[in-house]
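Structure first, commentary second.
Laboratory data are not the source of any read-out in this text; all were calculated from the coordinates shown. All of these numbers come straight from a predicted model, not from anything done at the bench. Cβ placement follows ideal geometry from the backbone for every residue including glycine, while neighbour counts extend to all protein chains displayed.
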There are 2 protein chains.
Amino acid sequence: MLETRIAGYDYGKVGRSPLTLNDLQRLQETVGFTDDERRALAEAGDILEDEAENLVDEWRQIIGGHEHLARWFFGPDGKPDDRYKAAVRPRFVRWVIDTCRRPFDQIWLDYQYEIGLRHTPAKKNATDNAATPPLVPLRYMIAFIVPVIAAAKTRFERRARTAADAERMYAAWTKAVVLSIAIWAMPYTREGMW
Amino acid sequence: MLETRIAGYDYGKVGRSPLTLNDLQRLQETVGFTDDERRALAEAGDILEDEAENLVDEWRQIIGGHEHLARWFFGPDGKPDDRYKAAVRPRFVRWVIDTCRRPFDQIWLDYQYEIGLRHTPAKKNATDNAATPPLVPLRYMIAFIVPVIAAAKTRFERRARTAADAERMYAAWTKAVVLSIAIWAMPYTREGMW
């Protein structure tokens, strides 16, 4: 799957974001992301690479179970846009893997900003030429941190060699997810308040 | 301490927020906050009530150790405004306790919105008649989720009767904190994007 071309997956090919490595450094310091977490995240990647598809399916099940989460995937007919959902899915899977594997550098930062934009009117629907609502509201992006970290936790507990390893991977994953959401929030934020 | 009047602590006395119980219900469903979490959070309160002051001190130490976090507490002279810091502290402590103890109802919702406002130009400094920068940037509010949940975790692990209890309390606390931040984000968010 990793080698397959994913439509709309433009890692390394998007424009420069307004975010700087200095911004990133400060955010990493705030969540406490260090070289230890980078190593733990690489180990987490060995587990999540296998699990990424069923993780995304688990999150999708939560989304599908709540109209207030599902509706951002609906077409103008008020029904799930299955073509859109299918197009987004491999990129969502890829985000799991990239979060573990990609270095947190300017390219990563630029792409996180792009992911943020793709959840807002600036770019939602554009990649897939879809007609779903132009937004996923910020409050649900933030709140969804919980299912995203919880679902990974059960995989680490099941598959890491020791409980301590599972714990380290979970801590690193949590930091990386919160870091991502903090960046994705940028295009939602009023001028000067991000 | 709980009985002491805390200056500027206006729980139950602030105006009605634009947030509805329906908004709250949807957010609770998104983080998966159920009656079980409510019970676990009450138990967490038995531990955190004792620990709230040293939790806040631990967070303050992290904030103080990073200029990009500390500067929102600086006066116009570029030095920490100790009067402001002292005024905020008991409310920060009280937030820990309220998060565990207060029912999540309209009054709680209104006060979470007020807390959000007090981190933005709408209300920062007003309560304490201070002259610090008019904002704590949203990205640091989101990123600080990590220290806020991590510091509580060590208390649960140390003081809960069983590891399973500590785990339940930590999960409930994490959900409550993420819920709070999702609400605090509202005044930061562009029109229609929250």
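Overview of results
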quantity: Furthest towards positive pole of dipole, A:Ala122, A:Val88, A:Phe104, structure part the protein assembly as shown, Cβ charges; calculated: A:Ala122
quantity: Cα lying deepest toward the dipole's positive end in chain B, options B:Gln28, B:Leu48, B:Phe73, charges on Cβ; calculated: B:Phe73
quantity: Three-way shape call for chain B based on the alpha-carbon gyration tensor, with the a/c threshold at 1.5; calculated: oblate
quantity: Other copies of B:Ala42: label-to-label distances in nm, shortest first, labels 7 Å along the beta-carbon direction; calculated: 4.8
quantity: Relative contact order (%) - chain A, alpha-carbon pairs under 8 angstrom, separation at least six; calculated: 33
quantity: Residues in the range B:29-50 that a label on B:Leu21 would reach, taking backbone N under 17 Å of a point 7 Å out along Cα→Cβ; calculated: B:29, B:34-35
quantity: Of B:Ala164, A:Trp184, A:Val148, farthest towards positive along the dipole that unit charges on Lys, Arg, Asp, Glu beta carbons give the protein assembly as shown; calculated: A:Trp184
quantity: The protein assembly as shown, dipole about Cα centre (Lys/Arg Cβ +1, Asp/Glu Cβ -1), debye to the nearest 20; calculated: 660
quantity: Packing-based ranking, highest mean first, of B:10-20, A:138-148, A:101-111 given that Cβ atoms within 10 Å are counted; calculated: A:138-148, A:101-111, B:10-20
quantity: Isotropic mean projected area of the C-alpha convex hull, the protein assembly as shown (nm²); calculated: 18.8
quantity: Assigned charges on the beta-carbon of Lys, Arg, Asp, Glu; the range A:1-148 dipole about Cα centre (debye); calculated: 700
quantity: Amide H partners (placed H, <5 Å) of A:Thr189, local residues excluded; calculated: B:Arg190
